[in-house]
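Structure record follows, encoded as structure tokens.
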Amino acid sequence: MSVSPLEQEPTQADLYRAMALALRVGELLLGSGEATETVSGTMRRITNAYGVPHCEADVNLSAITLSYVPADGSVPVTAERRVRRRLPDYDRLIAVHDMVAESSAKALPLDVAESRLREITRRVRVYPNWLLVTGLALVGASASILVGGGVPVAVTAFAATVLGDRASAWLAGRGVAEFFQLAMAAMLGSLVAVLLISFGATLRAEAVVVGAVVALLPGRLMVACVQDGIAGEYVTATARLFEVFFILTAIISGIGVTLYAAVRLGVPLSVENVPAAPLVLRPAQLLGAVGVTLAFAIALLVPPRHLLAASLGGGLAWVVFVQLYVWHVPIILGTAVSAGVVGLFGSAYARVTRVPSMVLTIPAIGSLLPGTALYRGMLELNLGHADAGLASLLQALSTALALGAGVILGTEILRAITGSDLTRRVRRPGARRPFVIRPAARRTRGY
């Protein structure tokens, strides 16, 4: 009886190749914003599939380490890979998950898996660069409509977002740190609004700032941060939290510099003019919410076949949020519940279509990001209302955390009721017991 190449004991060279493959897969997943639990679990699936069992994966925000201690007492092996770029590409993310699924089912030899991964990393992006820039700008335009701006405001927000994005790209090409890239983008977005106000424009210029800010907010990182914390990956969760903190600080700094200069120069700014989304189910606001989701999905390179579902998720999130507001549910709690509905819907969709749930959930929460609270907080601080300004910034931070927690709660509800791909037991050919992809959760009981 012949033995399949995947069932043979790996040679030393194959051991190194399997670990290198797992490290490259982990780098792609972590760079796309996957949670630490998913990254480490997927890496172990790869090594188990190619005859390197009982590997230990250590994942943090900038490096991945994989260790293997052979059962025969030979020399242990440890390998590390640095994660230098974290640019989301959900089309490649889906392809990587498909490849891992085939490898775990022992349907993909090691050399074929290596070739597949090279093809995935070299594949042409699903959208051209000009459409990615347009998608990000449409986030700003749609968000300005969401908070009550009209067509002229949306066009202005589109231009301001493009200006900020191209300026940050220019700085990136010269090696300037990402902190200052984001600060420059936020500064230019708010500068456009300040110039419109100073020239006496009749349109709602403040909505331009909100649109430009929403395009910069790190919704993907906030969800991953909360997910890592809930899963017990506290080191990575803390690192992600600090990354979110510095991104928000950069955005706040950029807005703050512009508003400080505007107040000192006598530009008539007022907190009463800060736009807020009309929390009623009007067609314009629903269109804005769907537009934000669709634009975020394009910017995150979600494949075209999933754009409709993502847009429906964004519209559903907004409808639930507004209805909860009508029922006098507090804003932060309403945000968490709405995000929970998105997490539940996204996880169910992911199970049916066999894609990661973040392909839908991350774009769908775009309409709930706290752009207005951030702008209001910085304006109040620069107008001398320190207490009110800090309260608004705290509300923005609480809303961000509620978004992350709500998405994960929706996912965990579905997992608790029906189980999920990460919790099922897979019976491997010839195995004495099923391979558990995700072990039972820990029970500390407070001690």
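The values are calculated or read from the model by the stated rules, or taken from the named source; none is laboratory data. For clarity, every value in this text was computed on a predicted model and none was experimentally measured. Every residue, glycine among them, receives a Cβ derived from its backbone with ideal geometry; neighbour counts consider all protein chains shown. What goes into the accessible areas is simple: the full protein's heavy atoms, side chains included, and nothing from ligands, DNA or RNA. Shrake-Rupley method; radii C 1.70, N 1.55, O 1.52, S 1.80 Å.
Using mean Cβ contacts within 10 Å as the protection proxy, how do 367-376, 137-146 order, highest first? Show your work: numbers first, answer last.
Details: 367-376: 26.7, 137-146: 29.3.
Descending packing order for the listed peptides: 137-146, 367-376.
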Discussion item. What FRET efficiency comes out for Leu131 versus Ala284 if R0 is 30 angstrom and r is the Cβ-Cβ distance? Round to the nearest 0.05.
Written reply: 0.75
Worksheet item: Expressed as a whole number of Å, what is the distance separating the alpha-carbon centroids of segment 142-215 and segment 60-110?
Response: 39
Item to complete: Compare the peptides 19-26, 291-298, 88-95 by average per-residue count of other Cβ atoms within 10 angstrom and give them in order, highest first.
Response: 291-298, 19-26, 88-95
Worksheet item: At a 1.4 Å probe, what is the % contribution of carbon and sulfur to the accessible area of segment 181-330?
Response: 72
Item to complete: With only Lys, Arg, Asp and Glu charged, each at its Cβ (+1 for the first two, -1 for the last two), find how big the charge dipole of segment 261-396 is about the Cα centre; round to the nearest 20 debye.
Response: 460
Worksheet item: How many percent of Cα pairs in segment 351-416 exceed 20 Å?
Response: 43
Worksheet entry | Virtual paramagnetic centre 7 Å along Cα→Cβ of Leu265, amide N under 18 Å, in segment 165-199 | 184-199
Discussion item. Could you sort Met187, Met43 by their accessible area in this structure, using a 1.4 Å probe and putting the largest first?
Written reply: Met187, Met43
Worksheet item: If you roll a 1.4 Å probe over segment 1-125 with all protein chains in place, what percent of the accessible area is carbon or sulfur?
Response: 49
Worksheet entry | Mean ellipticity per residue at 222 nm, deg cm²/dmol - from DSSP H runs of n ≥ 4 across the chain, formula -39500 (n - 2.57) | -22000 deg cm²/dmol
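Hey, can you find the accessible area per residue of the chain for me, probe 1.4 Å, expressed in square angstrom? Mind dumping the intermediate values first?
Details: 20830 Å² over 447 residues.
The answer is 47 Å² per residue.
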Discussion item. Please state the shape class of segment 70-125: rounded when a/c is under 1.5, otherwise prolate if a/b exceeds b/c and oblate if not, all from the C-alpha gyration tensor.
Written reply: oblate
Worksheet item: Measuring from the lowest to the highest alpha carbon on each principal axis, how far does the chain reach, largest first, in angstroms?
Response: 84, 50, 45
Fill in: P(r), alpha carbons of segment 164-214 - 10 Å bins starting at zero, rounded %
28, 43, 23, 6
Worksheet item: How many percent of the alpha carbon pairs in segment 110-251 exceed a separation of 28 Å?
Response: 34
Item to complete: Could you pull the Cα extents of segment 1-144 along its three principal axes, largest to smallest, in whole Å?
Response: 63, 33, 20
Discussion item. If I ignore ligands, DNA and RNA and count only protein heavy atoms, how much of Glu119 is accessible to a 1.4 Å probe, in Å² to the nearest 10?
Written reply: 110
Item to complete: Figure the gain on full extension for Val151 and Thr78 (residue separation times 0.36 nm, minus the Cα-Cα span) and round it to one decimal in nm.
Response: 20.6 nm
